[in-house]
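A quick write-up on the structure given underneath.
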Amino acid sequence: MSGDAVHGISCYSLVANSETAYDETLTFYQKLGFQKMAFFGISDTHNVRVCNNSVREDWLHVRGDSDGESATLKLRYVPGEFSLSPVSEETEWRGQKSSIVFYYPNLPELVKKFSAASIKFQSLPNEKKPDEIYVEDPLGNLVGFSDRYNPFAHANMKKSVESGVQSNMTSGTSTPLDSVKKATENVTTKAPGVKKKVAVMTSGGDAPGMNAAVRAVARYAIHRGCDAFAVYEGYEGLVQGGDMIRQLQWADVRGWLAEGGTLIGTARCMSFRERAGRLRAAKNLISAGIDSLIVCGGDGSLTGADLFRSDWPDLVQELEDTKAITVEQANLYRHLTIVGLVGSIDNDMSSTDVTIGAFSSLHRICEAVDSISSTAISHSRAFVVEVMGRHCGWLAVLAALATGADFVFVPERPAQVDKWQDEMCNALSAFRKQGKRKSIIIVAEGAIDSELNHISAEDIKKLLSERVHLDTRVTTLGHVQRGGIPCAYDRMLATLQGVDAVDAVLSSTPETPSPLIAINGNKINRKPLMEAVKLTHKVADAIEKKDFATAMDLRDPEFADYLHTWEGTTFIQDVNNFVAPEERMRVGIVHVGAPAGGMNSATRAAVRYCLNRGHTPLAIDNGFSGFLRHDSIHELSWIDVDEWCIRGGSEIGTNRDTPDLDMGHCAYKFQQHQIDGLIIVGGFEAFTALSQLEHARVNYPSFRIPMAIIPATISNNVPGTEFSLGCDTCLNSVMEYCDTIKQSASASRRRVFVCEVQGGKSGYVATVGGLITGASAIYTPEDGITLDMLRADIDHLKQTFAMEAGRNRAGQLILRNECASKVYTTDVIGDIISEEAHHRFSARTAIPGHVQQGGNPTPMDRARAARLAMRTIRFFENCRANNLGAETGSAAVIGIRGTGVTFTPVAEVESNETEIEQRRPKNAWWRGMHELVNILAGKTFSA
Ligand code: ADP
């Protein structure tokens with residue numbers, strides 16, 4: 001080993017239990033470049049025994065050539081000392097046990113040296129381009145070599161920047177990965193020479209996505225050079241210790257992304273609430289060498305976690321005083337790092353917009369309510385559906401909005417005491433008069449009236465049966481809401497937050513307050529854990545004090561907006577809400593481009609809100625060509641659109657034609673039908689259509705009206721927004737499809753599926769799809785495909801299958817965007833892989849095609865659609881009231897940026913944010929995820 005091979009290691013100690021092992025170890029390290037040290041002036045062959053019960057002792061030393069870096073190794077012979085079990089050669093060594101990691105800049109050279117000396121080694125990710133090499137010393141210790149200057153630094157961040165992957169991350173716009181990036185850049189702590197041991201646990205109520213979080217923590221911790229541990233059964237496991245705290249290896253968490261619940265278990269633990277329980281927990285952690293704990297749970301679990309951290313110094317002191325731990329241990333573990341991840345289906349934690357599990361739970365609720373709807377319509381029944389949420393109405397409100405429910409009861413905005421009965425019965429009777437055959441009422445389990453009286457599902461049923469004479473049934477969804485596979489969003493959120501939790505651990509100091517990993521405005525954030533817990537408890541206190549305004553304020557900013565949207569798009573027009581007669585508009589709604597989930601929900605909400613405000617909603621059927629060729633335009637009524645929120649596709653028809661088919665004729669049609677405002681729902685063609693109309697304003701006065709595009713495309717390639725309607729539905733469809741083919745791949749053993757996904761020239765679906773399905777490689781149009789990439793990915797596959805040695809049945813998945821390369825098509829890639837695999841594994845291709853548009857849209861797409869549509873009508877009203885119809889700003893792209901809804905002039909979006917030829921936005925926020933897909937697949941290089 002050359003002299004510049006050392007960085008960050010200061011001293012470590014090894015113990016041999018026999019003379020033979022001692023000599024072999026001495027020779028082994030001398031071969032690595034260590035030299036015997038003179039010790040206290042003695043420099044003979046065997047330095048004299050100096051301490052404890054060791055019979056022989058040698059000090060070895062190797063010097064680095066920069067900053068005075070050096071490493072010292074103390075080797076002792078202690079008869080009867082236990083010996084380490086050897087690494088299992090069939091699987092990856094890294095992560096099997098603690099290892100000492102050296103900096104070594106020229107790893108290929110090392111590969112040659114080890115091969116020449118017949119020393120067994122394992123290089124990762126492959127032998128051609130190794131990032132890490134591991135050998136086992138004669139004592140069974142794992143010795144690693146890394147070409148990262150600091151073994152704890154992010155792998156090859158420099159290489160990534162050169163390859164363009166990292167540098168493509170946005171600056172300026174918010175991205176969920178920003179904090180991840182910052183944290184990785186900020187790690188300056190020197191490796192202490194001992195691997196950091198990071199434990200993760202799940203606690204409290206289980207939530208879908210917890211496994212994805214554990215997977216991300218384990219893999220990213222291993223990637224960052226740490227040992228990962230799982231504490232099984234929540235705090236119960238921490239208190240019991242022993243086998244309840246186990247090391248997690250890379251392969252242990254394979255396939256966990258798709259699993260619901262928590263595979264490491266959770267339990268309610270009374271003893272952790274007592275100091276004695278926490279004392280045992282502290283002892284167990286220290287015995288396992290763990291000083292960092294990532295807790296994924298609800299507010300109870302996180303309260304416990306914070307208490308544990310504040311107790312920690314006293315607990316350690318007590319353990320030291322009672323000799324339960326040694327002084328050395330006490331000194332090493334004076335500080336405990338705690339990081340919180342919020343796993344809770346209720347979305348009841350303040351400080352974060354969404355919690356892990358909330359959207360999956362919403363999926364379960366909406367699936368159930370959609371199913372109930374068909375039987376309700378058949379029998380003309382009313383259903384009262386009780387959903388979870390003791391102090392939080394998030395699930396109830398979002399479910400009501402997504403399913404088009406007729407009434408909703410939540411704790412934060414309680415129904416007026418003694419009035420709600422009339423309000424509800426009158427509303428439902430009015431809906432029935434319009435021709436509705438079903439009534440759905442969603443009630444949160446903690447629903448109350450303004451005097452804090454509980455409103456139960458049975459109370460509501462009684463009222464509807466007796467006063468409205470409806471055949472009413474109650475359905476309590478209960479634990480169904482906790483179960484099932486995590487949805488796409490939860491997998492993404494849990495993965496990004498798990499990664500950031502590890503970064504938070506590594507950048508933590510004793511002075512840093514315990515962080516909670518949050519998401520605010522589509523950006524992963526760290527918030528003080530204790531403050532978040534306190535704020536959460538404040539909601540319950542505020543409700544108890546009937547301070548409902550404060551309770552609402554403490555919820556995420558979108559919550560109130562969603563509640564208003566439900567109100568604005570549910571009730572029948574009330575003349576008191578109408579705008580002045582001269583401000584009433586005839587609003588045209590047209591769909592352009594391919595169908596995308598949420599198009600109908602947006603139209604429904606626009607129609608309903610128009611009617612509520614006295615406007616006239618007009619459906620333009622079959623896009624601009626239908627309008628121009630067949631004059632297809634008609635008014636829509638409240639009942640016409642009633643069921644549209646749950647339907648996929650496009651009820652009014654859509655195609656790719658734009659108004660430049662015949663601009664003059666289009667202007668004439670606008671004039672003929674006196675259109676005062678136009679909503680275009682669609683993707684990049686819709687964006688182009690709006691731009692054309694805006695440019696044509698100079699010539700045609702009938703286009704001098706407020707116009708807007710509500711982005712809706714599975715490709716998520718409309719500039720001016722972070723999310724288009726339909727992209728969440730698409731990701732969920734791709735995810736389900738990939739889960740299925742991955743299952744098939746694992747059943748057949750050693751199979752790779754190359755799956756072709758849509759997205760045009762935008763790699764969004766491939767990238768996020770890759771992250772949430774655990775793809776081993778993704779190919780996007782932004783990065784293209786090169787032979788080097790293919791070679792590296794095939795090497796990685798070979799290595800993965802070789803390490804599994806046929807025992808692990810997990811299949812491998814590659815996601816290729818349809819436009820990633822003209823030459824390397826999906827079939828070509830499949831063939832190359834099969835050829836190169838030399839029968840060691842096989843490749844198949846799979847193309848989900850139009851399945852990706854999804855069936856029914858996801859709750860997220862439905863809710864977003866309604867919110868955007870209602871805001872668009874308000875935007876039109878504002879333009880009209882201020883006479884802005886001819887201004888540039890009145891032709892806008894309605895976007896979701898962070899938690900806000902934004903209106904950006906189309907001309908501005910076009911010139912500042914668009915790659916016109918590539919039909920995609922500049923600086924897309926999700927680009928940096930490509931790197932993370934590689935990391936979590938076990939590739940530490942940038943393809
Ligand atoms: P959730 O985390 O889903 O809110 P719980 O409130 O049941 O679920 O909390 C889970 C576990 O966290 C409890 O069983 C207990 O072990 C621990 N815990 C909760 N609150 C505290 C507390 N105040 N002090 C110590 N431990 C607590």
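Please find, among Tyr700, Tyr668, Tyr737, the residue that is of a type in the set (Ser, Thr, Tyr) and touching a residue at least 40 places away in the same chain (Cβ under 8 Å).
Every option except Tyr737 fails the conditions.
Residue-by-condition table, conditions (1) surrounded by 24 or more Cβ atoms within 10 Å (Cβ to Cβ); (2) more than 13 Å from the ligand (Cβ to nearest atom); (3) of a type in the set (A, V, I, L, M):
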residue	(1), (2), (3)
Thr266	yes, no, no
Ala281	yes, no, yes
Asp299	yes, no, no
Glu320	no, yes, no
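Yes/no per residue for (1) assigned to a helix (DSSP H, G or I); (2) within 11 Å of the ligand (Cβ to nearest atom); (3) not basic (Lys, Arg):
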{"position": "Cys296", "(1), (2), (3)": "no, yes, yes"}
{"position": "Leu302", "(1), (2), (3)": "yes, yes, yes"}
{"position": "Asp306", "(1), (2), (3)": "yes, yes, yes"}
{"position": "Arg309", "(1), (2), (3)": "yes, no, no"}
{"position": "Trp312", "(1), (2), (3)": "yes, no, yes"}
{"position": "Lys323", "(1), (2), (3)": "no, no, no"}
{"position": "Asn331", "(1), (2), (3)": "yes, no, yes"}
{"position": "Ile338", "(1), (2), (3)": "no, no, yes"}
{"position": "Asn347", "(1), (2), (3)": "no, no, yes"}
**Item:** One residue from Arg275, Arg224 being within 24 Å of Gln812 (Cα to Cα) and either within 16 Å of the ligand (Cβ to nearest atom) or not aliphatic (A, V, I, L, M) (or both)
**Value:** Arg224
**Item:** Filter pass, Leu238 being of a type outside the set (S, T, N, Q), within 13 Å of the ligand (Cβ to nearest atom) and farther than 30 Å from His363 by Cα
**Value:** yes
**Message:** I'd like the full set of residues that are among the hydroxyl-bearing types (Ser, Thr, Tyr) and either part of a strand (DSSP E or B) or crowded, with 24+ Cβ neighbours inside 10 Å (or both), limited to the stretch 433-456.
**Reply:** Ser439
**Asked** If Leu401 passes every condition in (1) within 21 Å of Thr472 (Cβ to Cβ); (2) of a type outside the set (Phe, Trp, Tyr); (3) within 40 Å of the chain's Cα centre (by Cα); (4) at pLDDT 95 or above but one, which one does it miss?
**Response** (1)
**Request:** Check the stretch 370-381 and report whether any residue there is more than 15 Å from the ligand (Cβ to nearest atom), at pLDDT below 95, of a type in the set (Gly, Ala, Ser) and part of a loop (DSSP other than H, G, I, E, B).
**Result:** yes
**Item:** Candidate set: the stretch 831-848, residues that are without any contact (Cβ under 8 Å) to a residue 24 or more places away in the chain and assigned to a helix (DSSP H, G or I); chosen: the one surrounded by the fewest Cβ atoms within 10 Å (Cβ to Cβ)
**Value:** Glu835
**Request:** Can you confirm whether the stretch 251-260 contains a residue that is farther than 29 Å from His479 by Cα and away from the ligand (no atom under 13 Å from the Cβ)?
**Result:** yes
**Prompt:** Out of curiosity, is Val828 part of a loop (DSSP other than H, G, I, E, B), aliphatic (A, V, I, L, M) and farther than 30 Å from Ser351 by Cα?
**Reply:** no
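Here is a yes/no grid of residues against (1) assigned by TED's automatic domain parsing to the domain that holds Arg874; (2) surrounded by fewer than 24 Cβ atoms within 10 Å (Cβ to Cβ); (3) at pLDDT below 95:
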| position | (1), (2), (3) |
| --- | --- |
| Ile709 | yes, no, no |
| Val752 | no, no, yes |
| Ile772 | no, no, no |
| Leu790 | no, yes, no |
| Lys798 | no, yes, yes |
| Ala802 | no, yes, yes |
**Request:** Please give the number of the condition Gln247 fails out of (1) at pLDDT 95 or above; (2) touching a helix residue (DSSP H, G or I) at 6+ places or on another chain (Cβ under 8 Å); (3) not aromatic (Phe, Trp, Tyr).
**Result:** (2)
**Request:** Would you mind finding the one in Ala199, Ala213, Ala218 that is within 15 Å of the ligand (Cβ to nearest atom), in the same structural domain as Ala330 (by TED's automatic domain parsing), of a type in the set (Gly, Ala, Ser) and in contact with a Leu (Cβ under 8 Å, 6 or more places away or on another chain)?
**Result:** Ala213
**Asked** Which of the following residues is in contact with a Pro (Cβ under 8 Å, 6 or more places away or on another chain) and either part of a helix (DSSP H, G or I) or among the small types (Gly, Ala, Ser) (or both): Gly265, Gly277, Gly289, Gly260?
**Response** Gly260
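The values are calculated or read from the model by the stated rules, or taken from the named source; none is laboratory data. Small disclaimer: the values here were computed from a predicted structure and weren't measured. Note that each Cβ is placed from the backbone with ideal geometry, even for glycine, and that neighbours are counted across all protein chains shown.
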